Each structure stands twice: as structure tokens, then as C-alpha cells.
Amino acid sequence: MVVKRLATEAEAKALASAIRLRILRACLDEPLTNKEIAIRLGANPATILHHVRTLVSTGFLAPQPVRRGRRGSREVPYQATGKSWELRVADPEVGQDAMVDAFLEELRLVGDRSRIRMSRLAARLTDDEYEELGRRLMVIFEELRHRPPSPGGLPYSIFFAMHPDDTRDVTPPAAS
């Protein structure tokens with residue numbers, strides 16, 4: 001199990017934005033310029049630049065070597081560093097809404113809806129079983145994170161959430 005470092009206040013704030021999380025995802029496989037990010041996310045380049053600067057200053061994006069644009073302009077592409085995966089936030093609420101919002105926005109943009117896989121499951125777990133399930137799932141996530149990209153593989157995003165179900169009675173049903 002990977003032990004994640006506690007995020008600084010600036011790092012936590014940087015990750016508490018759906019658009020910033022989407023920028024990191026967009027720049028994961030290839031470096032993109034501010035303009036390319038704005039086009040990909042359907043956003044204003046000035047707004048994106050503000051978020052890019054925040055992500056660069058906190059180490060989540062790394063500027064790549066300057067390149068020349070079509071008209072000879074200077075372009076700086078940015079690559080996601082993967083740093084967000086190595087952090088945990090002290091206040092679990094910080095960033096959760098942003099993560100869900102980013103996921104929902106990305107889901108809305110999926111063209112081929114037949115490629116979406118979703119499931120929901122209700123379970124009753126002891127605290128130990130809950131912790132064990134969380135650990136086992138994180139092992140799978142870590143394996144996927146460190147796996148080299150498959151040649152010809154398609155990009156997929158995986159969103160996972162496990163939460164108490166406050167809509168159900170916390171008293172276990174009586175054994176029969």
C-alpha cells in the first residue's frame with residue numbers, strides 16, 4: 001500500500017477545482033499548450049491560463065520545452081506530473097465535489113455511450129471489511145497507474161467512490 005503525503009494548503013486548494021482536475025487529465029498523455037487545453041475543454045483560454053499557472057506553481061503541471069507555433073509564436077506545452085496521485089488531503093471534503101464534478105463533465109462528453117461501464121452495489125461491511133476492500137481496490141489502481149501504456153490502447157478514466165449509505169437502516173437485519 002502506498003503511503004500518500006499530506007497535501008499542503010496550496011496543493012489542496014489547487015486540487016479543489018473540477019476544471020483543474022480536467023486540465024490534469026487532458027495533459028496526462030501528452031503535453032498541451034494553454035490554447036490546446038482550452039480547445040479540448042471548451043473553455044476560455046484566459047480562464048485556462050489562470051488555472052494552468054496555479055497547477056504549475058504547485059507542481060501538478062510541468063512546463064515542457066518551448067516550441068514554435070504555426071505563425072512563429074512561442075508556445076509552452078504543459079505535462080501533468082502525476083503528483084496528485086501521491087497526495088492526500090487533510091480535510092476529506094476538500095476536492096471531493098470537484099472530483100465528482102470533473103467526472104460528471106467528462107462522462108457527459110463521452111461520444112460512444114456503449115463503452116461506459118457502471119455498477120452500484122449495496123453491501124454491509126464491518127469496519128475491517130471496509131478497510132480491506134479499500135486496500136484491495138487501491139492495489140488495482142496502483143497497478144494500473146504503474147502499467148506502461150498499451151500500444152494501441154484506448155484512454156479510459158476510472159472513477160471510484162465508496163461511502164456510507166445513510167438511506168439504509170444501520171441496524172443489521174436479524175439472522176434467521
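The values are calculated or read from the model by the stated rules, or taken from the named source; none is laboratory data. Since the model is a prediction, treat every value here as computed from it, not as a measurement. Cβ coordinates were reconstructed from backbone atoms using ideal geometry, including for glycine residues, and neighbour counts include every protein chain displayed. Side chains are part of the model used for accessible areas, which takes the heavy atoms of the whole protein and leaves out ligands, DNA and RNA. Shrake-Rupley method; radii C 1.70, N 1.55, O 1.52, S 1.80 Å.
The C-alpha atoms of the chain define a longest principal axis, and helix 45-57 lies at about 70 degrees to it.
Normalising the average separation of contacting C-alpha pairs (under 8 angstrom, six or more residues apart) by the number of residues puts the relative contact order of the chain at 26 percent.
Mean residue ellipticity, 222 nm, helices only, the chain: the sum of -39500 (n - 2.57) across DSSP H runs of n ≥ 4, divided by residue count and rounded to 500, is -12000 deg cm²/dmol.
Whenever you get a sec, line up 21, 154 from highest to lowest accessible area (probe 1.4 Å, protein heavy atoms). Present the calculation step by step, with values, prior to reporting the outcome.
Values: 21 35, 154 115 Å².
From most exposed to least exposed: 154, 21.
Bridge orientation summary for the chain: considering DSSP beta bridges with both residues in this region, about 75 percent are antiparallel. Under the combined filter of DSSP loop state and at most 11 neighbouring Cβ atoms within 10 Å, the range 67-176 retains these trypsin sites (Lys or Arg not before Pro): 70, 71, 117, 120, 124, 168.
Please report the antiparallel percentage of the DSSP beta bridges confined to the range 1-105, to the nearest 5. The antiparallel proportion sits near 75 percent. Only protein atoms count toward the accessible area here, which uses a 1.4 Å probe; on the chain, the carbon and sulfur part of that area reaches 55 percent.
For the Cα trace of the chain, dividing Rg by the Kirkwood Rh returns an Rg/Rh value of 1.03. For the chain, the per residue solvent-accessible surface stands at 74 Å², with DNA, RNA and ligands left out and a 1.4 Å probe. Residue 73 contributes about 60 Å² of solvent-accessible surface, heavy atoms of the protein only, 1.4 Å probe.
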